Amino acid sequence: MTVTGADIVGLDRIAVREAVRVVDLAGGADWERDTPCAGWTLRRLVAHMAAQHRGFAAAARGAGEDVTHWREPEDMGEPARVHREAAAEVLGAFAEPGADGRKFALPELGGSFPGGMAIGFHFIDYVVHAWDVAATLGVPVELPGDTLDAALAVARLVPADPARRGPGFAFAPVREVPAGAGPLEEALRLLGRDPERWPTGG
């Protein structure tokens, strides 16, 4: 699940930094808001995001099999700080020489994957999660056009089999894509998000 010829590490960095930016906008009662991730408050979503950052960082460094790296933080009293620190960790791990050429053990996906592909998984997650947070807060997500084009290319590669979508899986079932949809809207719908319900998310 990679974009041929793309700098997947650079694209991922852009998506993660945007996720950090929008998470840093939250405060106070925002943490208890509902999100596009059904049943999750913003605090729970950001805990998940931090756990995924740390898990992928461990995987980039050869320790992904250890499930303790993938656990959500117990202390979420300062969600933005926890997320910011986890994001810095994964960006540092992915920036290490040769990271995209290593094998990443990803227990939640049941095996090991080439580094470039694994970073592609992380990239599309953080385009979507940046939007999730922005939509929760009612602010636009700000990503460059080439990043959105790359995200759409990756989203089109995600298996659409209904048996692999829904509760317990990374993405909800595919939604119909209307004619004229832009790359972000199309990517979100292909991955089961509902931009119509969260119209201020960009």
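The values are calculated or read from the model by the stated rules, or taken from the named source; none is laboratory data. Since the structure is predicted, the reported quantities are computational estimates derived from the model, not experimental observations. Here the Cβ is made from the backbone with ideal geometry for all residues, glycine too, and neighbour counts use every protein chain on show. We work out accessible area using only protein heavy atoms, side chains counted, and drop any ligands, DNA or RNA first. Shrake-Rupley method; radii C 1.70, N 1.55, O 1.52, S 1.80 Å.
Remarks
- Computed over the alpha carbons of the range 23-174, Rg followed by Dmax gives 15.3, 42 Å.
- Between the range 4-52 and the range 64-113, the alpha-carbon center distance in angstrom: 14 Å
- Sites residue 96 and residue 32 - FRET efficiency at Förster radius 45 Å, r taken between beta-carbons, to 0.05: 0.75
- Packing-based ranking, highest mean first, of 26-39, 137-150, 51-64 given that Cβ atoms within 10 Å are counted: 51-64, 137-150, 26-39
- With 0.36 nm allotted per residue and the present C-alpha distance subtracted, the residue 17-residue 78 stretch has 20.1 nm of extension available.
- For residue 104, nonlocal amide neighbours, meaning residues 5 or more places apart or on other chains whose placed amide H falls under 5 Å from its own, are 113, 115.
- Residues of the range 101-133 with amide N under 12 Å of the 7 Å Cα→Cβ point at residue 181: none
- At full extension, residue 25 and residue 63 could sit 10.5 nm farther apart than now, given 0.36 nm per residue minus the alpha carbon distance.
- Largest to smallest accessible area among 196, 74 [probe 1.4 Å]: 74, 196
- Membrane-span-like helices in the chain (whole DSSP H runs, Cα extent of at least 18 Å along the helix axis, mean Kyte-Doolittle hydropathy of at least -0.5): 8-23, 42-60, 79-95, 115-137.
- Solvent-accessible surface of the range 1-138, averaged per residue with a 1.4 angstrom probe and all protein chains in place: 41 square angstrom.
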